[in-house]
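Just so it is clear, none of the values below were taken in a lab; they were calculated from the coordinates. Remember, it's a predicted structure, so these values are computed and weren't measured experimentally. Positions of Cβ are generated from backbone atoms using ideal geometry, with glycine treated the same way; all protein chains shown enter the neighbour counts.
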Amino acid sequence: KLRKLATFQFSKGEYDAAACHYKAALILAGKIHGKYHEDVASLYNSLSVVHSCLGKYEEAYECLREALEVGMQVCDKDSALVKEIWKNIGNVFKEQGKFHESLVSYKKLVSISSTPTTPETPQGHSFADMSEALQEIAIVYKSQGKYEEALSVLKKGLESSEAGFASLEATEEET
């Protein structure tokens, strides 16, 4: 219930109240599940977004470090949660103008989003995640005035999306 309340407050722009309730939910989840649980990682990630909205980037980054540590212990490296954490790390750095660090995070997201699907990594190939990460990389390049690099990355994303849609269509035709 605390998480739902925090999410509702966040959606209304009540960031300080949301942060308070996410922190309380995090404490409670830690007591119930222990530190290494997906709910704990998810709550750290949510709290980081609130801190970012408040311009508290150091706190946001610390939450994301915790979220990533926990998430990498309890989730697959290519899980939706871990991908979201990497994206949010990139976003925090981008908001601070730390473009090199944001590129590192977004490129990590691209690498885990383009992992071929296998029985061990059923979520591996996510064209939407990869496309979003490539868009973020292009935005960083554009912010730096590197327009050719931005365009190159966007073209790569388009090619990747087209290939992904073609393989999905082929799979649908087989069924």
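Details
- Peptides 9-15, 35-41 ordered by average Cβ neighbours within 10 Å, highest first: 35-41, 9-15
- The relative contact order of the chain, computed from alpha carbon pairs under 8 Å that lie at least 6 residues apart in sequence, is 12 percent.
- Where labels lie 7 Å past Cα in the beta-carbon direction, separation of Cys20 and Lys155 in nm: 5.3
- Helix 38-53 vs. the chain, principal-axis angle (Cα, 0 to 90°, nearest 10): 90
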